[in-house]
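Taking it in order: structure first as structure tokens, then the write-up.
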Amino acid sequence: MSVRVRFAPSPTGFLHIGGLRTALYNYLFAKHHGGTFVLRIEDTDQSRYVEDAEQDIIDSLEWAGMTIDEGPTNPGEVGPYRQSERKEMYHKYAKQLIESGHAYYAFDTTEEIDQMRERLKASGNPSPSYDSITRQSMKNSLTLPQDEVEKKLENGDDYVIRLKVPRRETVKFEDLIRGVVSFETAGLDDQVLMKSDGMPTYHLANVVDDHTMNITHVIRGEEWLSSAPKHMLLYNAFGWEPPTMAHLPLIMSPSGGKLSKRKAESEGIPVNTKDYIAGNYEPEALINFLAYLGWSPGDDSEIHDMKELCELFTLDRVSKGGAVFNYKKLMWYNEHYIRETSIADLLPRVKELAEDAGFDTKDDEYLETVVGLLHERVSKVDEFVEMGSFFFEAPKEYDEKALKKWKDDSAGLVTAYKEKVEALSDAEFEAATLKSKLEETISEHEVGFGKLMMPLRIAVTGQGFGPDLFASLELLGKEEVLDRIDVALEKLG
Ligand code: GLU
């Protein structure tokens, strides 16, 4: 049987980075086995539905390089791929469970259920549930006469459908990451399968869909592990073979605990995939990084593109323990992928960013030199524009920290240097000559390299560090450099 996996997000907000990793592991597993990657939108909770979320999920997967084999916008044979469009199917299957004696209609109001819980609490039961014992004294199709049940249904009275959870059973299944998981049914509520609004609950919809969509492996976050036994009960009730389960480790924040939205924000970690898109991160870097967040190929290799990851990925190398999100490591990957990208490929991206920032990027040859000078220094593509802003515009102000290096003798040294380079023709104004003029100046004044280099850099770039200074001066050209020196001498004295 060929592998079929699904990524099944609820469209309740933008795609979280943890969700992207779940999608990635599903995708890698599917492609490793030549299988199918399905996107299913779990939108049964209408109170939490967010309008643009589905599009955000689809865009995010595409940006990350995961091709959806079947989904709402490119359906295969087992659709529809949005749960809200499958309502009838859930009804049919819930009814089937009632007929086979595995589920029942329950007509109790919220008040009646609360009263039952209060009563039991008062008699010493700390966590009363609607279960095999209490269901016998509630208002449901197991306790009410048949004709009354039918009348209620005909009248359109509110009801839910509940699963008849067996009294004392041990539910066991094998999780590919966690090994054998076992769970006691004692104390478990008779799960609601259909809600009074006619919508299925997550549990019913999830099981019906995984079965009818021929899903072979369920790969999802650890937070769903506690739902798995309920799903197993449902598979048993239907008499269906359950898919193989694999529950992924949590993603942890560097300061400990689960990487929640709030935690991530407080630690400066972008949390939604769209923030990475808008933040100009390299998708290959994020994918490579996320692949290693809970998995490793078992050697010390670290750099792999999507194709290689598909070849290498196996679930038995996924760890059980939480994986800490190390932002520095992500930036390390990002820097790596920037360096791997050719200047020609970077050029149009840098051009767009620079123009967005309101810079005149001059001609492509100029911009190409800028990109070349900064290529080994940036770790994110927008830094070409930040670090390289002085290539497009004279500094409006000087970096405060750098200014500490502007000393009493700086103006004199810069002036001496300026006089030397002023005498150069435009053609002579090139990096090697500019460097030798600096060497000449410092030896005449008997000072160290930094004494002139630093103030010169500040005057021309406004910053304390940056790309090769002499190549930068050459690119800016004689007139521009001399102008900037004059302005700095006037401002800084
Ligand atoms: N809809 C669930 C979610 O939002 C899916 C859980 C599962 O994969 O079963 O993550």
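Looking across region 237-270, the residues that are buried (at least 17 other Cβ atoms within 10 Å of the Cβ) and either aromatic (Phe, Trp, Tyr) or in a helix (DSSP H, G or I) (or both) come down to 237, 238, 263, 264.
Applying the set (1) part of a helix (DSSP H, G or I); (2) more than 15 Å from the ligand (Cβ to nearest atom); (3) of a type in the set (S, T, N, Q) to residue 67 leaves exactly one unmet item: (1). Criterion applied to 413, 367, 309 was being hydrophobic (A, V, I, L, M, F, W, C) and free of Cβ contacts under 8 Å to residues at least 24 places away in the same chain, and the one residue passing it is 367.
The single condition among (1) more than 14 Å from the ligand (Cβ to nearest atom); (2) within 25 Å of residue 289 (Cβ to Cβ) that residue 74 does not satisfy is (2).
Could you tell me whether any residue of region 11-26 is among the aromatic types (Phe, Trp, Tyr), away from the ligand (no atom under 16 Å from the Cβ), surrounded by fewer than 21 Cβ atoms within 10 Å (Cβ to Cβ) and in contact (Cβ under 8 Å) with a residue 12 or more places away in the chain? Reasoning before the result, please.
Applying the first criterion (among the aromatic types (Phe, Trp, Tyr)) to region 11-26 yields 14, 25.
From what's left, away from the ligand (no atom under 16 Å from the Cβ): none.
No, because not a single residue in region 11-26 is among the aromatic types (Phe, Trp, Tyr), away from the ligand (no atom under 16 Å from the Cβ), surrounded by fewer than 21 Cβ atoms within 10 Å (Cβ to Cβ) and in contact (Cβ under 8 Å) with a residue 12 or more places away in the chain.
Name the residue that is surrounded by the fewest Cβ atoms within 10 Å (Cβ to Cβ), counting only residues in region 41-54 that are part of a helix (DSSP H, G or I) and touching a Pro at 6+ places or on another chain (Cβ under 9 Å). Outline the logic, then answer.
So in region 41-54, the residues part of a helix (DSSP H, G or I) come out as 46-48, 53-54.
Checking the rest, the ones that are also touching a Pro at 6+ places or on another chain (Cβ under 9 Å) come to 48, 53-54.
Values: 48: 12, 53: 19, 54: 20.
Looking at residues that are part of a helix (DSSP H, G or I) and touching a Pro at 6+ places or on another chain (Cβ under 9 Å), I get 48.
Looking at this structure, is residue 230 out of contact with any Lys or Arg (no Cβ under 9 Å at 6 or more places or on another chain), within 12 Å of the ligand (Cβ to nearest atom) and among the basic types (Lys, Arg)? It would help to see each step written out before you state the result.
Details: out of contact with any Lys or Arg (no Cβ under 9 Å at 6 or more places or on another chain): yes; within 12 Å of the ligand (Cβ to nearest atom): yes; among the basic types (Lys, Arg): yes.
Judged against the criteria, residue 230 is a match.
Tell me whether region 17-31 contains one or more residues that are more than 20 Å from residue 225 (Cα to Cα), at pLDDT 95 or above and of a type in the set (D, E, K, R). Yes - at least one qualifying residue is present in region 17-31.
Check 320, 274, 328 and return the single one that is of a type in the set (Lys, Arg) and under 15 Å from the mean Cα position of the chain (by Cα).
Numbers: 320 fails: under 15 Å from the mean Cα position of the chain (by Cα); 328 fails: under 15 Å from the mean Cα position of the chain (by Cα).
Checking each option against the conditions leaves just 274.
Annotation: residue 93 fulfils all but one of (1) assigned to a helix (DSSP H, G or I); (2) without any contact (Cβ under 8 Å) to a residue 40 or more places away in the chain; the unmet one is (2).
Residue by residue through region 182-236, note down the ones that are part of a loop (DSSP other than H, G, I, E, B) and aliphatic (A, V, I, L, M). Answer for region 182-236, where residues must be part of a loop (DSSP other than H, G, I, E, B) and aliphatic (A, V, I, L, M): 186, 188, 199, 213, 215.
The values are calculated or read from the model by the stated rules, or taken from the named source; none is laboratory data. If you're wondering where the values come from, they're calculated on a predicted model, not measured in any experiment. No Cβ is skipped: glycine too gets one built from the backbone with ideal geometry, and neighbour counts run over all protein chains shown.
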